[in-house]
Amino acid sequence: MRRHRQRGDVLIALLIFGGIAAFLVGGLVQMAVLEHQAGRAKVAKELAFQIAEAGLEYYKWHLVHNASDFQDGTGGPGPYEHGYTDKDGNVVGKFSLEITPPPVGSTVVQIRSAGWSLAYPAVRRTVVARVGFPSLVDYAFLTNTDAWIGDTETIHGKFHANGGIRFDGVGDALITSARATYVCRPFHGCGNQERPGIWGDGGPTSFWQFPVPAQDFTAITVDLANLRTLAQTSGIYLGPSGTNGYRLRFNADRTVNIERVTALQPSVIGWDINGVLRVESNDIQTTQLIEIRAIPASGAIFAEDKVWVDGTVSGHTTVGSGRFPDNPATRTSIVINGDIRYVAKDGTHTLGLIAQQHVLIPRYSPDQLEVDAAVLAQNGSAQRYYYPGNILDRLVIYGSVISNGLWTWSWVSGGGAIVSGYRNTDTTYDANLTYGPPPGFPVGNAYNQISWQEE
């Protein structure tokens with residue numbers, strides 16, 4: 001009997017330990033299954049992310065080849081679904097795209113891409129990116145020749161000259177020249193001496209860089225003929241005035257007064273930036289109202305004549321001035337007739353002024369003048385003539401100045417004292433122009449990614 005009880009005790013112990021072992025093995029198997037499933041889910045989640053990212057890259061590529069197509073080549077509304085293949089060409093997932101076109105006055109496109117694998121279609125990842133064509137003119141000031149910034153001038157934003165720079169003012173961003181050395185000419189206070197690409201008493205010199213690659217003014221030059229066509233088809237087109245030109249006075253309610261300039265002030269004596277004597281008038285005496293027009297959705301206004309501009313700008317607009325066929329003897333200019341101010345400096349209002357020849361500030365300009373605009377003198381200069389003894393207080397520019405030729409708002413004596421023009425000038429680059437230039441202004445041919453996030 002005693003030996004029989006011992007066998008029973010052993011059997012019970014074996015059953016207990018066997019049950020425990022079975023429980024542990026079952027738990028380990030279940031844990032292994034769960035870990036395997038979790039691993040596959042993790043792989044599926046990572047694959048979904050890669051597929052979503054591939055969707056972003058695909059549409060950025062698509063925009064480079066067709067910058068104005070926001071419907072994935074279909075001509076219809078999205079979402080737009082594509083297969084995603086592995087290295088062997090097998091479709092292993094899909095991505096779905098939702099494209100938000102840029103608003104008026106912007107180049108920024110929003111791309112929303114959702115990705116998933118075919119094995120785990122419920123596991124999805126979604127990424128959103130904002131991409132935009134940067135403007136080619138993201139400078140406070142850009143010129144195709146030499147420049148001199150005086151000791152009463154301040155530049156807020158990048159400054160570039162394809163020639164040399166005498167910099168006696170103050171800057172807060174890169175100051176760049178395409179020249180290692182250059183010959184500084186007498187109208188910049190030198191006696192034809194060789195100077196470094198950038199030199200002077202201003203600074204900070206830590207912002208100075210030279211030589212750097214030259215800016216291609218051929219790429220920057222706007223095709224005025226295209227702007228004219230846009231104005232003719234969906235904007236405001238003004239043919240030859242038959243008089244002196246047109247005055248455009250912008251109003252805060254997104255309208256513009258179109259006036260014919262019927263008479264000018266008496267001619268005055270001045271000298272342009274190239275030392276050429278000018279006996280002429282760029283100041284209005286009388287005008288005749290033609291009509292008041294709403295700013296067109298395209299923002300394009302073009303005149304085949306000289307144009308005077310002033311007022312309060314609301315919305316996105318570009319004024320072009322030129323005569324065709326292009327002839328150097330008949331090229332037209334734009335005159336800044338007085339203050340040009342935005343309703344707000346928040347990126348929702350921009351003005352471009354594109355002159356076939358010069359952008360001018362006239363003899364009888366205000367003592368204190370503000371210009372909110374991106375101005376481009378395509379073949380000439382942004383300038384105010386030298387009017388002997390005519391000294392004014394302050395010029396403030398918010399936007400960008402692009403001058404193919406020599407540029408100045410101020411004239412100084414050999415000793416550096418102001419003898420004509422504005423004593424103080426303050427130019428601030430409007431950062432909104434980088435991805436929201438005025439209609440018709442040149443932009444790059446490759447998108448930049450501005451922001452990215454996962455939803």
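Values in this text are rule-based calculations from the coordinates and carry no lab data. The model shown is predicted, which means the values in this text are computed figures rather than measured ones. In this analysis, Cβ positions are derived from the backbone assuming ideal geometry, glycine residues included, and neighbour counts consider all displayed protein chains.
Need the full-extension length gain, ARG40 to LEU174, defined as separation in residues times 0.36 nm minus the C-alpha distance. One decimal, nm.
Going from the current span to full extension adds 43.2 nm.
Report Rg(Cα)/(2.2 N^0.38 Å) for the chain, keeping two decimals.
In units of the 2.2 N^0.38 Å rule of thumb, it is 1.46.
Output needed for region 115-235: three equivalent-ellipsoid semi-axes, defined as square roots of 5 times the C-alpha gyration tensor eigenvalues, in descending order, whole Å.
42, 23, 13
Per residue Cα convex hull volume for region 302-372, in cubic angstrom?
81 Å³
What order do you get for 292-302, 236-246, 160-170, 259-269 when each peptide is scored by the mean count of other beta carbon atoms within 10 Å, highest first?
The most tightly packed comes first, giving 160-170, 292-302, 236-246, 259-269.
For LYS94, LYS42, LYS87, LYS306, what's the fewest-to-most ordering of other Cβ within 10 Å of each Cβ?
By the 10 Å Cβ count, ascending, the order reads LYS87, LYS42, LYS94, LYS306.
Using the basic label-point model (7 angstrom from Cα toward the beta carbon), what is the ILE269 to ALA417 distance in nanometres?
2.1 nm
Only four residue types carry charge here, +1 at the Cβ of Lys and Arg and -1 at the Cβ of Asp and Glu. Report the dipole size of region 141-433 about the Cα centre in Debye, rounded to the nearest 20.
Charge dipole of region 141-433: 420 debye, to the nearest 20.
Taking one equal scatterer on every alpha-carbon of region 244-376, how large is log10 of I(q)/I(0) by Debye at q = 0.22 1/Å?
-1.48
Give me Rg/Rg_expected for region 31-151, where Rg uses Cα atoms only and Rg_expected = 2.2 N^0.38 Å with N residues.
Compactness ratio reported: 1.53.
Taking every pair of distinct Cα atoms and averaging 1/r, then inverting, what Kirkwood hydrodynamic radius in Å comes out for region 367-422?
It is 12.1 Å.
In whole Hz, what ³J(HN,Hα) sequence does region 237-244 give by Karplus (6.51, -1.76, 1.60; θ = phi - 60°), x for Gly and Pro?
These are the phi-based 3J(HN,Hα) values: 10, 10, x, x, 6, x, 10, 9 Hz.
Express the relative contact order of the chain as a whole percentage, based on alpha carbon pairs under 8 Å and six or more residues apart in sequence.
Relative contact order comes out at 15 percent.
Within the chain, count lysine pairs with alpha carbon atoms under 24 angstrom apart where the residues are 8 or more positions apart or belong to different chains.
8
Which Cα, out of ILE236, THR312, VAL43, lies furthest along the positive dipole direction of the chain (beta carbon charges, K/R +1, D/E -1)?
Going by the Cα projections, it comes out as VAL43.
Ranked highest first by average number of other Cβ atoms within 10 Å, how do 203-213, 408-418 line up?
408-418, 203-213
For the ranges 336-343, 398-405, what's the packing order if you count other beta-carbon atoms within 10 Å of each residue, average per peptide, and put the highest first?
The packing order, highest mean first, is 398-405, 336-343.
What percent antiparallel are the DSSP beta bridges of the chain, to the nearest 5?
Here the share of antiparallel DSSP bridges comes out near 45 percent.
Rounded to two decimals, what is Rg over Rh for region 307-424 when you use alpha-carbon atoms and the Kirkwood radius?
0.99
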